[in-house]
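Colleague: Below are the structure tokens for one structure; questions will follow.
The values are calculated or read from the model by the stated rules, or taken from the named source; none is laboratory data. Quick caveat, the model's predicted, so the values are computed rather than measured. All Cβ positions, glycine included, derive from the backbone under ideal geometry; neighbour counts span all protein chains shown. Remember, those area values only see protein heavy atoms, side chains included, never the ligands or the DNA or RNA. Shrake-Rupley method; radii C 1.70, N 1.55, O 1.52, S 1.80 Å.
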Amino acid sequence: MDRDEGLTAVDNIVTQFNTYEDFLDSQITTVDLYYLEDEGLARQLVELGYRGTGEVVKREDFEARKAAIEIARLAERTQKKTLTSAGKDLQDNFLKALAVREEDNRNGKVSTVIFIRDRNSHGQEISGYIDYAHRLKIEDFEVYFSGKRRLLPKPTDMSFYNWDSHIAVWNSTPNYQVIADNPEGLLFKYKRDRKILNVDPKVSPGDNSTRTPIQTELYIQAVIFDHISRRKT
């Protein structure tokens with residue numbers, strides 16, 4: 001039996017039995033118990049390969065494969081659970097752009113900063129910059145991708161400005177340090193590689209960064225900045 005066939009045989013056993021003891025018990029016959037008069041001894045003989053009616057599987061192999069299969073199952077379930085954009089019928093370009101970037105922002109391959117300008121529920125014009133990866137961790141984006149609610153900047157985001165009340169707020173996030181007192185305008189420093197993201201539309205956004213204006217019917221204005229960290233993790 002080659003290695004692949006051996007793994008397949010072990011996998012079949014692992015998926016069939018909850019514990020190694022359950023597997024051993026399945027190999028013990030009533031005749032074994034009659035003559036040995038000891039269930040523990042019968043299990044031990046099966047484990048050593050002296051008794052049993054089927055495949056010999058070592059305890060460490062059983063438990064290792066059991067753990068590996070469980071990890072794979074949880075990883076698959078988590079992946080399906082975390083990609084809240086999956087399976088959604090997205091019509092607007094803004095939501096499509098967020099969906100394309102969701103997985104990479106969750107796993108750290110890309111760091112996206114979202115600029116939104118629009119009106120809040122009170123009719124006041126607001127704008128701000130959102131750390132997409134951070135928001136994905138602390139919020140359920142199901143309501144946004146399903147269209148139940150619009151994503152809007154909050155006073156807790158990287159920056160928030162109310163054009164009616166003139167309230168301005170800046171907050172650093174786990175991914176970015178906000179540099180608000182810069183003469184050239186608002187800057188964000190990505191903490192992983194310490195590169196500067198410049199959100200001024202008149203200049204380059206910076207090393208390994210791109211600026212993408214989004215044509216959307218959901219907001220007055222929306223711009224997406226993508227930064228790819230070159231630092232090895």
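Colleague: Taking a 19 Å limit on the Cα-Cα distance, which of the listed pairs LYS96/LYS148; LYS109/LYS191; LYS109/LYS154; LYS109/LYS195; LYS96/LYS191; LYS137/LYS191 fall beyond it?
Modeller: LYS109/LYS154; LYS96/LYS191
Colleague: Fully extended, how many nm does the chain gain between THR210 and LYS191 (0.36 nm per residue separation, minus their Cα-Cα distance)?
Modeller: So the extension gain works out to 5.1 nm.
Colleague: Of the listed peptides 186-194, 130-138, 63-71, what is their order by residue-averaged count of other C-beta atoms within 10 Å, with the highest listed first?
Modeller: 130-138, 186-194, 63-71
Colleague: If R₀ is 22 angstrom, what is the calculated FRET efficiency for the pair SER121 and ASP181, using the beta carbon separation as r and rounding to 0.05?
Modeller: For R0 = 22 Å, the calculated efficiency reads 0.10.
Colleague: A further question follows. What is the percent carbon and sulfur in the accessible area of segment 93-228, measuring with a 1.4 Å probe over the protein chains and ignoring ligands?
Modeller: 49
Colleague: Kindly identify segment 121-192 as rounded, prolate or oblate by the Cα gyration tensor criterion: order the square roots of the eigenvalues as a ≥ b ≥ c, call it rounded if a/c is under 1.5, otherwise compare a/b with b/c, prolate if a/b is larger, else oblate.
Modeller: Cα axes put segment 121-192 in the oblate bin.
Colleague: At 1.4 Å probe size, with every protein chain present, just tell me what the per residue accessible area of segment 93-228 comes to in Å².
Modeller: 51
Colleague: Given points 7 Å out from each Cα along the Cα-Cβ axis, report the LEU83 to GLN221 separation in nanometres with one decimal.
Modeller: Placing both labels 7 Å along Cα→Cβ, they lie 3.4 nm apart.
Colleague: How far is it, in nm, from the label point at LYS109 to the one at GLU60 when both lie 7 Å from their Cα along the line to the Cβ?
Modeller: 3.6
Colleague: Let a ≥ b ≥ c be the square roots of the eigenvalues of the Cα gyration tensor of segment 73-180; is it rounded (a/c under 1.5), or, if not, prolate (a/b larger than b/c) or oblate?
Modeller: In terms of gyration-tensor shape, oblate.
Colleague: For ARG119, list long-range residues whose amide hydrogen, built 1.01 Å from N in the peptide plane, is under 5 Å from its own amide hydrogen.
Modeller: Under 5 Å from the amide H of ARG119 lie the amide H atoms of ILE126, ILE220, each far enough along the sequence or on another chain.
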